[in-house]
Amino acid sequence: MKILSSRRFPGPSWDELEDVEYYDPPLRATREDVEALAVVGEEVGAATLELLPSLRLVANYGVGYDGIDLAACAGRGVAVTNTPGVLDAATADLALALILASRRRVVEGDAFVRSGKWGTEWVSGALLGQEVSGATLGIVGLGRIGTAVARRASGFEMRLLYWKRTRLPVEDEAELGVEFRELDDLLRESEIVTVHVPLAESTEKLIDARRIGLLRPGACFVNTSRGAIVDEPALVAALVAGRIRAGLDVFVDEPDVPAELLGLPNVVLTPHVGSATAETREAMTRVLVDNLQAAAAGRPLPNPVYAS
Ligand code: 8YV
């Protein structure tokens, strides 16, 4: 099976594939021979599919597949797979890192030490932060990653609220120690909000300007999912006004970050690194390769995704 890949993926399992050719997206010329496409974040729509008449599989490196037009793929009988599960821990860890960094002003503290401004033996007003332990955390989306965040946050004795399209059975809520809230109520009640929903038509700007307005003054907003889930200009305005704090790993138009954010002390910025540990990235390659090998052998795909 001829595989066209936008890059070499990390880890030894990638070398198990026999017939890989690399390309520089976007694809411009017709390739009659290509049966599988391996991508990471690249857009795959009707125009790309048109150039690949023999395509059977689009294998996405990542759990989120919002760049792939699932309906166009389905219309041509092209399967789509992703790499769920293996990146839950790393992404949840980063959400906690952003919560801690933002509430405890870690990045500002680092800059303070480096600047040589640490003039007295103890720091008072300027770098006082907000508690993480015991705070109320609102988790928007309680799938695999949201659940991994809840388990970590209970170690900080946080009060855990969640919103999900379909509420969990009460026994699962009790086991995880989470309380359901409607989304607006969660935003009003939480001191920290962390977002873990996939980007789809139904979740684009889920956190719109009105909902950003519901956040408590001083609340901390963390996003490690997709930038487009939030009304980014409204979020930027709330940060510029100093009304809230944030930890942001994702943006609407990556790698462009709204310029207003760059000088703000109340936002911690990371470059979409939720899954970026050596171990997790290798594990993602393993899952990607498993799906490509299954397609090559005509076996059922381990991680198919479908249009909802
Ligand atoms: C990145 C992610 O896509 O899995 C996802 O949906 O956002 C990340 O894992 C991937 O790591 C490539 O940057």
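The values are calculated or read from the model by the stated rules, or taken from the named source; none is laboratory data. This is a predicted model, so every value here is computed, not measured. All Cβ positions, even for glycine, are placed from backbone atoms using ideal geometry, and neighbour counts span all protein chains on display.
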Please verify whether Ala237 is at pLDDT 95 or above, more than 26 Å from Leu186 (Cα to Cα) and among the aliphatic types (A, V, I, L, M), treating the condition exactly as stated. no
Could you check Gly116 against (1) more than 16 Å from the ligand (Cβ to nearest atom); (2) at negative phi and say which number it fails? (2)
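Among the residues of the stretch 131-138, is there at least one that is farther than 20 Å from Glu173 by Cα, crowded, with 16+ Cβ neighbours inside 10 Å, within 26 Å of the chain's Cα centre (by Cα) and in contact (Cβ under 8 Å) with a residue 24 or more places away in the chain?
Taking the stretch 131-138 as the starting set, the residues that turn out to be farther than 20 Å from Glu173 by Cα are 131-133.
When the remaining residues are screened for being crowded, with 16+ Cβ neighbours inside 10 Å, the result is 132.
Of the ones still in play, those that are also within 26 Å of the chain's Cα centre (by Cα) are 132.
From the residues that got through so far, the ones that are in contact (Cβ under 8 Å) with a residue 24 or more places away in the chain too are 132.
The answer is yes; a qualifying residue exists.
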Of (1) within 23 Å of Tyr162 (Cα to Cα); (2) crowded, with 21+ Cβ neighbours inside 10 Å, Val287 satisfies every one except (1)
Six or more apart or on different chains, Cβ under 7 Å: which pairs go from a residue in the stretch 236-249 that's part of a helix (DSSP H, G or I) to one that's hydroxyl-bearing (Ser, Thr, Tyr) and surrounded by fewer than 20 Cβ atoms within 10 Å (Cβ to Cβ)? Could you list them? none
Only unsatisfied item for Phe112, checking (1) farther than 20 Å from Ala200 by Cα; (2) under 18 Å from the mean Cα position of the chain (by Cα), is (2)
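May I ask you to verify whether Pro233 is assigned to a helix (DSSP H, G or I), away from the ligand (no atom under 16 Å from the Cβ) and surrounded by fewer than 18 Cβ atoms within 10 Å (Cβ to Cβ)? Working first, answer last.
Details: assigned to a helix (DSSP H, G or I): yes; away from the ligand (no atom under 16 Å from the Cβ): yes; surrounded by fewer than 18 Cβ atoms within 10 Å (Cβ to Cβ): yes.
Answer is yes for this residue.
Considering only the stretch 197-212, I want to know if a residue exists there that is of a type outside the set (Val, Ile, Thr) and within 20 Å of Val268 (Cα to Cα).
Looking for residues that are of a type outside the set (Val, Ile, Thr) and within 20 Å of Val268 (Cα to Cα), one finds none in the stretch 197-212, hence no.
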Would you please name the residue that is surrounded by the fewest Cβ atoms within 10 Å (Cβ to Cβ), looking only at residues in the stretch 23-70 that are under 18 Å from Arg8 (Cβ atoms), away from the ligand (no atom under 16 Å from the Cβ) and free of Cβ contacts under 8 Å to residues at least 24 places away in the same chain? Asp24
Every residue from the stretch 265-295 that is within 11 Å of the ligand (Cβ to nearest atom) and more than 16 Å from Thr91 (Cβ to Cβ): Thr285, Leu288
May I ask you to list pairs of residues, at least six apart or on different chains, whose Cβ atoms are under 9 Å apart, with the first in the stretch 71-94 being part of a helix (DSSP H, G or I) and the second being modelled with pLDDT under 95? Ala71/Ala307; Cys73/Ala307; Ala74/Tyr306; Ala74/Ala307
Tell me whether the stretch 77-96 contains one or more residues that are assigned by TED's automatic domain parsing to the domain that holds Pro255, closer than 30 Å to Ile244 by Cβ, touching a strand residue (DSSP E or B) at 6+ places or on another chain (Cβ under 7 Å) and away from the ligand (no atom under 16 Å from the Cβ). no
Restricting the first residue to the stretch 161-179 and requiring it to be without any contact (Cβ under 8 Å) to a residue 40 or more places away in the chain, which pairs with a second residue that is acidic (Asp, Glu) and not in a helix (DSSP H, G or I) meet a Cβ separation below 9 Å and a spacing of at least six or different chains? Leu161/Glu179; Tyr162/Glu179; Trp163/Glu182; Glu173/Glu179
Which listed residue is under 21 Å from the mean Cα position of the chain (by Cα), in the same structural domain as Thr194 (by TED's automatic domain parsing) and within 16 Å of the ligand (Cβ to nearest atom), from Val305, Val250: Val250
